Structure formats: C-alpha cells, structure tokens
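Below is one structure, written out as structure tokens; the observations come after it.
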Amino acid sequence: MSDDPPTELICLADDEGNSVRVDVLGVEPTWSGGLKAEIVVATSFVSGRLNVWLGTRKLERWAEALDRLDVGEDVHWMDMDRGASVQVQLSGERDCPEVVVEDESGSMATVRVPVGLPDGWIDDHRRRLRQVRDHWVPKLLE
C-alpha cells in the first residue's frame, strides 16, 4: 500500500480517452477548513484545468450525489456555489453518460464530455471519497 495521500476524488474516464477528474492538491493555506483542488478535463478535442476549493460540505454533497446516481438520477454537484459546477447526466445525447463542467463565474465556458463508464464506477467513487475524507478531513482540523 502506498503512503502517498489520496488525490483523485473523481475520475470519470473511458477507453476513448475522454475524462473528467477532480484532484485534491492539498490543504488550502489561505482558507481554514478547505482543500485546494482542480477539475481536469481531457479529450482528444479539448482539455483544461480549473482550480476549485473543497470543504467538508462539498464532500458530503458528493456522497449524496453518488447516492442519487446509484438510483439512476442525474446530479449537479457544486452548483450551489458561484464558480464551477459538475453535472453527471446518465443518459446523455450520445447514448452514454455525459459529464458537464461549467465555469459560469470565471471563463463562462461549458464543456460536455461523453464518458462510457465501467460497471462498479459508483462503488469505486465511494471508495475514493472515503479515502479522501479519511486522509484530508483530519488535516483540516489541525
């Protein structure tokens, strides 16, 4: 087992090279109680990164989003804030799930990424979330 801290909170990717990730970069030094993170979009057509901040509330909302996805509902995550939002639409326009990343307050750009998701992806993301919480949340309380 690696001693490296868990960094990949979200990794929605397929064999075609399309992916949307949310990577935890560490504790945000200018905001007590927050983690510095980035949304990373990669396709053969477009790629980009966007800085975001995660607190325990956003991690709780991601857990709730995973529960809704597990029962077949589409979700919007982080849409309660100004700034970036991530949507997962299980029945996208191309007969596969789509992840929509929107940066309304910054670049005003929206990217829609079709992603064929493997079986078990929700359980995998629950495991990722648990690892991120177990490692990073105690550091927010230091």
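The values are calculated or read from the model by the stated rules, or taken from the named source; none is laboratory data. None of the values given here were measured: they were computed from a predicted structure. Virtual Cβ from ideal backbone geometry, glycine too; neighbours counted across all protein chains shown. Accessible surface is based on the protein model in full, side chains and every heavy atom, while ligands, DNA and RNA are left aside. Shrake-Rupley method; radii C 1.70, N 1.55, O 1.52, S 1.80 Å.
Mind listing just one residue for me: the one in segment 50-78 that is modelled with pLDDT under 95 and among the charged types (D, E, K, R) and, of those, farthest from the chain's Cα centre (by Cα)? Among them, the one singled out is Arg57.
Here is a yes/no grid of residues against (1) over 30 Å from Val27 (Cβ atoms); (2) of a type in the set (Asp, Glu); (3) surrounded by fewer than 14 Cβ atoms within 10 Å (Cβ to Cβ):
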site: Gly83; (1), (2), (3): no, no, no
site: Ser91; (1), (2), (3): yes, no, yes
site: Cys96; (1), (2), (3): yes, no, no
site: Val100; (1), (2), (3): no, no, no
site: Gly106; (1), (2), (3): no, no, yes
site: Pro114; (1), (2), (3): yes, no, no
site: His125; (1), (2), (3): no, no, no
site: Asp134; (1), (2), (3): no, yes, yes
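Consider segment 66-96. How many of its residues are under 17 Å from Ile39 (Cβ atoms) and out of contact with any Lys or Arg (no Cβ under 7 Å at 6 or more places or on another chain)? Total satisfying the criteria: 12. The residue pairs whose first member lies in segment 5-25 and is free of Cβ contacts under 8 Å to residues at least 24 places away in the same chain, whose second member is acidic (Asp, Glu) and open to solvent by 50 Å² or more (accessible area, probe 1.4 Å), and whose beta carbons are closer than 9 Å, counting only pairs six or more residues apart or on different chains, are Arg21/Glu8; Asp23/Glu8. Applying the criterion of at least 1 residues that are touching a Pro at 6+ places or on another chain (Cβ under 7 Å) to the strands (runs of 3 or more DSSP E) found wholly in segment 36-117 leaves 84-89, 98-103.
The condition (being more than 17 Å from Leu129 (Cβ to Cβ) and open to solvent by less than 40 Å² (accessible area, probe 1.4 Å)) is satisfied by just one residue among Gly48, Gly55, Gly72, Gly34: Gly48.
Output the residue which, of all residues in segment 10-31 that are among the hydrophobic types (A, V, I, L, M, F, W, C) and open to solvent by 50 Å² or more (accessible area, probe 1.4 Å), is modelled with the highest pLDDT. Residue satisfying both the conditions and the ranking: Leu25.
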